[in-house]
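Reviewing the structure listed below.
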Amino acid sequence: MVQTDISQLSQECSQWIEHLHSYRDELNSLNQQLQQTAQRPLTREDLTELEHFQNQFQIQLINVHDVKQEAKQLNKKVQYQLSTTDRDVSEETYHDYEKVADDYESLEQTLSELRSDFSRFITSI
């Protein structure tokens, strides 16, 4: 059995879920900014980039939703263990935690790159 405090994992899951809500809101805001940009006269290249970002925002919204669901499921599992055990995390739960943590970190990196790329695009047109 892995010696990790269950309440710590639950807290981290809750933080991830809050951040994922913020990421969803940010993606929606970026998409609105994209829609406003689409109303301007744009070159064919700009339109291609615009479509790329529109697709990426939709894909990342789906990814945010999926990781949020993973975090919620993990939090439920952790809460159940918290109520039934002596506060040590099972290896299975810790493995699930590591997977969600990896997915969350990967998503954060992807969103950071997307945010940066979109910012460069907006300032270049």
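Would you mind computing the Rg to Rh ratio of the range 25-92 from its alpha-carbon coordinates, Kirkwood style for Rh? Dividing the radius of gyration by the Kirkwood radius yields 1.34.
With N denoting the number of residues in the chain, provide Rg(C-alpha) divided by 2.2 N^0.38 Å, to two decimal places.
Cα Rg divided by the expected 2.2 N^0.38 Å: 1.36.
Where nothing but the Cβ of Lys and Arg (+1) and of Asp and Glu (-1) is charged, how large is the charge dipole of the chain around its Cα centre, in debye to the nearest 20?
Charge dipole, the chain, about its Cα centre: 540 debye, nearest 20.
Only Cα pairs under 8 Å and 6+ residues apart enter the sum, and on that basis the relative contact order of the chain stands at 45 percent. The sum of -39500 (n - 2.57) across all DSSP H runs of n ≥ 4, divided by the residue count of the chain, sets its helix-only mean residue ellipticity at 222 nm to -31500 deg cm²/dmol. Computed over neighbours whose Cβ is under 14 Å from that of Gln69, the net charge equals +2, Lys and Arg +1, Asp and Glu -1.
Here's the picture: charge each Lys and Arg Cβ at +1 and each Asp and Glu Cβ at -1 in the chain, and of Ala101, Tyr80, Gln58 the one pushed furthest to the positive end of that dipole is Gln58. Just to confirm the filter: which trypsin sites (Lys or Arg not before Pro) across the range 1-98 are DSSP coil and have at most 14 other Cβ within 10 angstrom of their Cβ? Those that pass, being in a loop and sparsely packed, are Arg87.
Work through the residues other than Thr43 whose Cβ is under 14 Å from its Cβ and net out their charges, Lys, Arg +1 and Asp, Glu -1.
So the environment of Thr43 carries a net charge of -2.
With r defined as the distance between the Cβ atoms of Ser29 and Asp88 and R0 fixed at 35 Å, what FRET efficiency is calculated, to the nearest 0.05? So the FRET efficiency works out to roughly 0.25.
Coordinate-derived values only; no laboratory data. Every value quoted in this text rests on a predicted model; they were computed, and no experiment measured them. Note: ideal-geometry Cβ built from the backbone for every residue, glycine included; neighbour counts use all protein chains shown.
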